[in-house]
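The block underneath contains the structure these notes are about, expressed in structure tokens.
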Amino acid sequence: MSLAIDPLIRLNGLSKIFHTAEVETHALSSIDLEIRAGEYVSVCGPSGCGKTTLLSILGLLDSPSEGSYVLAGEPVATLSPVQRARVRSRAVGFIFQAFNLIGDLTVFKNIELPLIYRGMAQAERKALVHEALERVGLLHRIHHYPAQLSGGQQQRVAVARATAGRPLVLLADEPTGNLDSRNGAEVMELLDELHAGGATIVMVTHDPRYLARARRSIYLFDGRLVAANQVHLEVA
Amino acid sequence: MDALLQNIRFAVRSLRKSPALAASVVLTLALCIGATAAIFSVVYAVLFRPLPYADPAGIHLLWTTLPDMRGSFSVGNWADVERQQRSFRYFVPAHSQSFNLAGADTPENVDAARVGADYFALLGVTPALGRDFLAEEEAPGRGNVVLLGDGLWRRRFAADPSVVGREIRLDGQPHTVIGVMPASLDYNLFDEELWVPTAFTPVQLAEHDEHFLVVLGRRAPGVSVSQAEEEMRTLGRWLATTYPEDNRDRSIVVASLVEELVGDYRTRLYVLLGAVGFVLLIACANIANLLLARGAARSRETAIRAAIGAGRGHLLREALAESLVLAAAGGVLGLLVAYWGVVALAAFGPEDVPRLAQARLDGPVLAFALGLTLLSGLVFGLAPALRTAGRMPHEALKEGGRSGSRSGNRDRLRNVLVVAEIALALILLTGAGLLIRSAVALGGVDPGFDPRGVVAGRVSLPAVTYETADQVTAAFSRVHEHLAAVPGVASASLVSAAPLEDGNSNGLVPEGRSLDIRSSIDSDMRLITPDYFATMRIPLLRGRGFTPGDRAGAPRVMVINEALAREAFPEQDPIGKRIACCESAPDGVTPLWKEVVGVVGDVRARGLDEEPTPEFYLPMLQAPAAAWNWTDRTMTVAVRSASDPVSLIGPLRRAVAEVDPGLPLYNVGAMQGRLIDSMAQSRFSTMLLTVFGALALVLAAIGVYGVISYGVAQRTQEIGIRVALGAQRGDVLAMVVRHGARLAAIGLAVGLTGALLLSRLMETLLFRVSPTDPPTFATGVVVLSAVAVLAAALPARRAARTDPMVALRNE
């Protein structure tokens, strides 16, 4: 089955090799992948299969050793770190397993941070932060510090931070990994709502309960893509 | 005890695993404790070591004072007061004198003192060999006895005990050695090496106009200082009333001997001790920061200890043991540094600082070093120890988990330490800067003469051989001729007191004013040969200098300096005016006027940092007869060389010996060297404070670097997150440097306040520089700011290279 609309993300023959003095590690091998705008994709596989590496390349935190990566029609595989940062701040929202909020900053400041890096004006930043917080239901905590919030609340703030700048794609790395089932469910609800609102989401998860929330699953094994349900993938 | 030893053993084992940290701490401490102890040894030797006298607090120096100056006693004043006073058990006169000591060796001029027979009884010191003076040896003709100082006895008489009873010649006069004073008498008023008794004649005892005596008094039992002062005030008023011509407005002041001897050095030494103490504090702050980081890194170990039963006290003692082991090691090594420091200070310190040569690592200094070591250990060890002991163990065991990244910025204690370091460093830098500016200002001062190429030395004529004024002037004239004939001499002259030598003060009365003490202008007198101004290159501003025709029998003339011209003849041309001074006609009343024939430029005769005072010059051949007594028949030879002046010293000595083989030329040296030496104290303090300031700067930079570096390490994950969220390298760099700059700004604000307050204490050490000199303060702020920003920039660069992937690793 071929894709009728130009995909938001297209990977062709993408590989990532880590070199040390003695060993060459093929973290990813010849990945071909297309993700359309508005899709909700989950990535799963055993530990060490390359999920985080894939996410880091999708999020422009790292660059591939081989292959191509086109994001919203722009080739981004060979960008410099400075160029990657610029694209990343505009196009990518990260949600981490460990929340990774900055403890010294209030909720408002945490969410505002990526907008500052994009060079937005203060008034615009303020409006977007309020909107994002309202979306996750935590406007009343705007001046609190992360240490004053529960785990679930912190992760929702992290979601707000990731979505405030209206990125092209949301990347979530085990977003419920540090949460109990109730909070985890709340966060997953939130992601469902975002997807329903048109967000493109790529989520790494081990939890079988949440795998099926995505419309499509990708299975990695030893750095390679294996066939996944509902979408036809080419395996090199 | 067992627990203490266990703690120490464990501390040593633990420190062995961190050799770099232990070594850097111990070396830093050794340097700082050693330097502090070395400076303290000087402070102790100069200010605190008991004077070699019994109960020094009971000994006083007495002065007579006029409204605007302090002066000595005349013989008559001393005799009258001594007869009437009751406050002092001993009330003894003394004055300096030098003698030509002849013997088998070459003749040597020796500094001596003429003292009352009770002098050593007053001091509470008895001779090590022989006996003290007897009361009857104060009578004229009975005083040909001498007590030798230990140093002279060893140097000149090979420590031969049989010197007692031997006859020696002082200025050609036979004197019997009656004893040798002990080596413990190592500090004397006039730096004298021998003592002879005063032998005042009845005429002298009735004289109230020549003031040259120093008077020492030991308070009688039960008499307080205020009682003694009150009695002296009363007797001063009696003198003024009884002898109005010589003592109008004169009063008597009682001063502490200790304060008189060391008071001038107190401020300078305390500033140095404070400065080196600041360096030690900065080092302690650095070490505290290191130990805080070490404590944080070992928090898991501490948590485990707590979990298995260690109480807060145990943890505190264990943490403190490490600090004290480090401090002890630093202290021991510091003694080595202190030893060499004391050697260097004694060797290179200014010669005129009293008792500097006696600075050593003795009991009190070692006790100070020990106390300092313990205190340092507590200062840098207590905060980290309290923090370690106060950690909640479950927090540490839970760490690495959930919430936001732990921020290095929020470690307030470390930030406070760095702020304190920067503040202290600014205070030190400012102090050093003020002294440097002072030294530069001093170096730019025109001394009023040209010392380059000039060599100077002293010649003293013994009274027994050169009794009359004619004999003295004839002898000095012959000396002058012989000196001028030495090959290589461009110009030779004689002067009764060259610049930087103690002169003779006289009261002058310009014509037109009333002839009494209230109208007199206190001026320094100099007897000179006609070529003196040319030799010293003192500019002649008006009129003429002296000629060979200005001799006995010719009209009396004088040359005055600008300062005296301004005071004696304000807004007038002084040439041709007349001044009365120094002598009167045979009737004892009519003044002998001297015509002012020339005005010369001011000379900074008392030192570059002292404003010129009124001075006048008289031709040597017209010297009043009494002037040879005032000058102790001593003249300074000042010779300008066509080449290296020092090379003339030997030929000059021989030229003087040709006139009289018994006459030594002493205190010989290049004039340039004397001028430099006169500023030795200022130069030395400036150098030391600059070294301490530089050390403080380096330590503060290390402190800033350390805190920022640690903060960056603690914030690695946060920085990774920021990069993951879009931060560029510049954003990260700016964030880290801003933190360092913030700490620096607070430290500078605190330091500026401290510097403004403390610099006033240095006011007496400064020359033509205000203690709040804005350029100095601004320079200190700029330098420290730049250093702090640089110190923060290095770890900032490292932070900017953080791999954002660390944000995704959940370890």
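Every read-out reported here was derived from the displayed coordinates using simple, explicitly stated rules and does not represent laboratory data. What you are looking at is a predicted structure, and each value in this text was computed from that prediction instead of being measured. Reconstructed Cβ throughout: ideal geometry from the backbone, glycine too, with neighbour counts over all protein chains shown.
Hey, what's the per residue convex hull volume over the C-alpha atoms of the range A:162-217, in cubic angstrom?
81 Å³
If you check each cysteine of chain B for another cysteine whose beta-carbon is under 4.7 Å away, which ones come up empty?
B:C32, B:C284
What whole-number distance in Å separates the alpha-carbon centres of the range B:61-136 and the range B:608-675?
For the range B:61-136 versus the range B:608-675, the Cα centre distance is 26 Å.
If I take all pairs of Cα atoms in the protein assembly as shown, what percentage of them are more than 59 Å from each other?
39 percent
Report the Stokes-Einstein translational diffusion coefficient (µm² s⁻¹, integer) for the range B:552-671, Rh taken as the Kirkwood radius over Cα pairs, at 4 °C with viscosity 1.567 mPa s.
75 µm²/s
Kindly provide log₁₀ I(q)/I(0) values, in the same order as q = 0.11 Å⁻¹, from the Debye equation applied to equal alpha-carbon scatterers of chain A.
Computed log10 I(q)/I(0) values: -0.56.
By how many degrees, 0 to 90 and rounded to 10, does the Cα axis of helix B:2-16 deviate from the longest principal axis of chain B?
Helix B:2-16 sits at roughly 80 degrees to that axis.
Rank by packing, highest mean first: peptides B:769-776, B:695-702, with packing defined as the count of other Cβ atoms within 10 Å averaged across residues.
Ranking the peptides B:769-776, B:695-702 by packing returns B:695-702, B:769-776.
State the volume of the convex hull built on the alpha-carbon positions of chain B, expressed per residue in Å³ and rounded to an integer.
With only Cα atoms used, chain B gives 208 Å³ per residue.
Which semi-axis lengths, in whole Å and largest first, follow from the square roots of five times the eigenvalues of the Cα gyration tensor of the range B:327-380?
25, 11, 9
Just how far, in whole angstrom, is the range A:74-120 from the range B:193-250 if you go by their alpha carbon centroids?
The range B:193-250 and the range A:74-120 have Cα centres spaced 90 Å from each other.
Once you keep just the Cα pairs under 8 angstrom separated by 6 or more residues, what percentage relative contact order results for chain B?
17 percent
Are there any GluC sites (Glu not before Pro) in the range B:445-548 that are in a DSSP loop and have at most 16 other Cβ atoms within 10 Å? List them by number.
Loop-located and lightly packed - B:E467, B:E511.
By DSSP, what percent of the beta bridges with both residues in the protein assembly as shown are antiparallel, rounded to the nearest 5?
Working: 91 of 127 bridges.
Around 70 percent antiparallel, to the nearest 5.
Could you run the Debye sum over the Cα atoms of the range B:568-619, one equal point scatterer each and no solvent, and tell me log10 of I(q)/I(0) at q = 0.21, 0.26 Å⁻¹, two decimals?
With one equal scatterer per Cα and no solvent, log10 I(q)/I(0) is -0.90, -1.07.
Give the relative contact order (percent, whole number) for the range B:457-555; include only Cα pairs under 8 Å separated by 6+ residues.
Here the relative contact order equals 21 percent.
Please give the helix B:75-84 orientation as an angle from the longest Cα principal axis of chain B, in degrees from 0 to 90, rounded to the nearest 10.
70 degrees
Name the long-range amide H neighbours of B:A605: under 5 Å, sequence gap of 5 or more, or other chain; modelled H, no Pro or chain starts.
B:T613
Could you tell me how far the Cα centroid of the range B:410-474 sits from the Cα centroid of the range B:501-523, in Å?
30 Å
Rounded to the nearest 5, what % of the DSSP beta bridges within chain A are antiparallel ones?
Antiparallel: roughly 55 percent of the beta bridges in chain A.
Please give every one of the lysines within straight-line cross-link reach of A:K126, meaning a C-alpha to C-alpha distance under 27 Å, and leave out same-chain neighbours fewer than 8 residues apart.
Reachable lysines: A:K109.
Output the Cα-based Rg and Dmax of the range B:66-175 in Å, rounding Rg to one decimal and Dmax to a whole number.
Answer for the range B:66-175, Rg first and Dmax second: 16.3, 51 Å.
Rounded to the nearest whole Å³, what is the per residue volume of the convex hull around the Cα atoms of the range B:236-292?
Expressed per residue, the convex hull around the Cα atoms of the range B:236-292 is 107 Å³.
Run the helix sum for the protein assembly as shown: -39,500 (n - 2.57) per DSSP H stretch of 4+ residues, divided by residue count, reported at 222 nm to the nearest 500 deg cm²/dmol.
After summing the helix terms and dividing by residue count, I get -15000 deg cm²/dmol.
Please work out the FRET efficiency for the pair B:D587 and B:A463, using the Cβ-Cβ distance as r and a Förster radius of 30 Å; give the result to the nearest 0.05. Intermediate results must be reported in sequence, preceding the final value.
Details: r = 27 Å, r/R0 = 0.90.
It comes to 0.65.
Under the Karplus relation 6.51 cos²θ - 1.76 cosθ + 1.60, θ = phi - 60°, what is the ordered set of whole-Hz ³J(HN,Hα) values for the range B:174-187, x standing for Gly and Pro?
x, 10, 9, 6, 9, x, 10, 7, x, 5, 5, 7, 9, 9
Taking the inverse of the average 1/r across all pairs of different Cα atoms in the range A:77-212, what Kirkwood radius in Å do you get?
Final number for the Kirkwood radius of the range A:77-212 is 15.1 Å.
How many times 2.2 N^0.38 Å is the alpha carbon radius of gyration of the range B:100-146? Don't jump to the answer; show the numbers that get you there.
On the way: Rg = 12.9 Å, N = 47, 2.2 N^0.38 = 9.5 Å.
Compared with the compact-globule rule of thumb, the range B:100-146 sits at 1.36.
Note down the relative contact order for chain A as a percent, whole number, built from C-alpha pairs under 8 angstrom at least six residues apart.
29 percent
When the scattering of the range B:199-301 is computed by the Debye formula from its Cα atoms alone, each counted once and equally, what is log10 I(q)/I(0) at q = 0.20 Å⁻¹?
Values returned for q = 0.20 Å⁻¹ are -1.13.
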